[in-house]
Amino acid sequence: MPDTAPHSADAPDSARVSERRPVYTTGVCPPPEPLWPHFLTGQEDAPVRVLLVDDDEFMRRVIAQELLSDLRIHLEAQAGSVRDGRRLLATHQFDVLMVDLRLGDGSGFDLIREARKLHRYCEIIVISALEDDAHVIHAFELGATGYLLKHAWLQSFAQAVLHVVNGGAVITPKLTRRLLARMNLQGTEEPPMPEAPAREVTLTAREREVLRCVARGCVSKEISLRLGISGQTVNAHIKNIYKKLQVHSRAQAVSFATHTGQL
């Protein structure tokens with residue numbers, strides 16, 4: 001008579017494992033985990049559009065390959081000179097400009113200025129071998145939201161793009177540490193107040209609500225959920241805030257509004 005008793009502790013491991021293995025009766029595998037949270041910018045059906053300008057062909061190829069491997073990012077176009085970079089700025093829609101400062105026919109600072117004129121709300125990431133404080137600070141003064149050193153370890157160009165379009169800023173850790181040291185050396189010096197615009201600024205109650213959410217680190221989709229308004233409405237409010245405060249980034253808007261009592 002066959003043995004119908006349950007498997008004992010001496011039963012083969014494969015038999016015990018098979019008893020614990022779940023059985024999918026429908027024959028359909030469970031859906032894969034989502035690539036990216038739905039409330040963040042950079043979905044597969046609407047990837048972040050990037051322009052890349054760098055005259056170092058090898059470095060440009062390395063960065064391009066990394067961006068192309070991420071489904072959340074679309075490399076719109078790339079160039080190797082100021083002249084070609086200007087053409088791309090005038091003929092392409094984009095969300096992020098990645099630009100070297102030292103180009104064969106001019107300075108990347110010129111492209112940063114032009115990008116700010118043509119595409120006021122774009123994000124700009126500098127990618128450079130220049131790491132002196134003067135270049136770093138000037139880039140941020142012109143409206144850059146990122147500064148990455150070429151050939152630095154422990155940094156991702158794709159992650160940098162996703163950070164800046166979702167309200168963050170990126171800087172190579174080596175530079176961050178040096179800038180922090182620079183701030184510590186200033187000791188008790190009173191930080192300068194941001195320059196006020198020529199005309200009086202008055203934000204609406206809704207604009208203040210949006211800016212408070214920005215100050216808490218919320219991205220546009222999170223703000224829309226909190227306030228019960230559409231993402232397009234949130235972005236429209238943010239654009240109006242930029243225009244009224246005469247700033248170029250969320251960080252500048254929060255800083256200025258705080259100093260002037262708008263928050």
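Does Val161 satisfy the condition of being at pLDDT 85 or above, touching a strand residue (DSSP E or B) at 6+ places or on another chain (Cβ under 6 Å) and either part of a helix (DSSP H, G or I) or not aliphatic (A, V, I, L, M) (or both)?
yes
Given the conditions (1) free of Cβ contacts under 8 Å to residues at least 40 places away in the same chain; (2) buried (at least 22 other Cβ atoms within 10 Å of the Cβ), and given that His163 satisfies all but one, which numbered condition is not satisfied?
All conditions pass for His163, except number (2).
Identify the residue in the range 166-202 that is modelled with pLDDT under 85, among the β-branched types (Val, Ile, Thr) and in a loop (DSSP other than H, G, I, E, B) and, among all such residues, is surrounded by the most Cβ atoms within 10 Å (Cβ to Cβ).
Val201
Taking only pairs six or more apart or across chains, which ones have beta-carbon atoms under 6 Å, a first residue in the range 240-260 that is under 14 Å from Arg216 (Cα atoms), and a second residue that is small (Gly, Ala, Ser) and assigned to a helix (DSSP H, G or I)?
Hits for this filter: Val254/Ala215.
From the list Leu103, Leu97, exactly one residue is surrounded by 15 or more Cβ atoms within 10 Å (Cβ to Cβ), farther than 17 Å from Val170 by Cβ and in the same structural domain as Asn166 (by TED's automatic domain parsing). Which is it?
Leu103
How many residues are touching a helix residue (DSSP H, G or I) at 6+ places or on another chain (Cβ under 8 Å) and polar (S, T, N, Q) when one looks only at the range 43-71?
Of the range 43-71, the ones touching a helix residue (DSSP H, G or I) at 6+ places or on another chain (Cβ under 8 Å) are 48, 50-54, 63, 66-67, 69-70.
Then keep just the ones that are polar (S, T, N, Q); that gives 69.
Final tally of qualifying residues: 1.
Being assigned to a loop (DSSP other than H, G, I, E, B), of a type in the set (D, E, K, R) and at pLDDT below 90 is the requirement here; does Glu222 meet it?
Taking the combined requirement at face value, the residue does not satisfy it.
Evaluate the following for Leu149: is it crowded, with 19+ Cβ neighbours inside 10 Å and at pLDDT 95 or above?
Against the criterion (crowded, with 19+ Cβ neighbours inside 10 Å and at pLDDT 95 or above), Leu149 does not qualify.
So which residues in the range 68-94 are surrounded by fewer than 16 Cβ atoms within 10 Å (Cβ to Cβ) and touching a residue at least 40 places away in the same chain (Cβ under 8 Å)?
Ser69, His92, Gln93
The values are calculated or read from the model by the stated rules, or taken from the named source; none is laboratory data. These numbers were taken from a predicted model, which means no experiment stands behind them. Ideal geometry is used to build each Cβ from the backbone, glycine not excepted, and the neighbour counts take in all protein chains shown.
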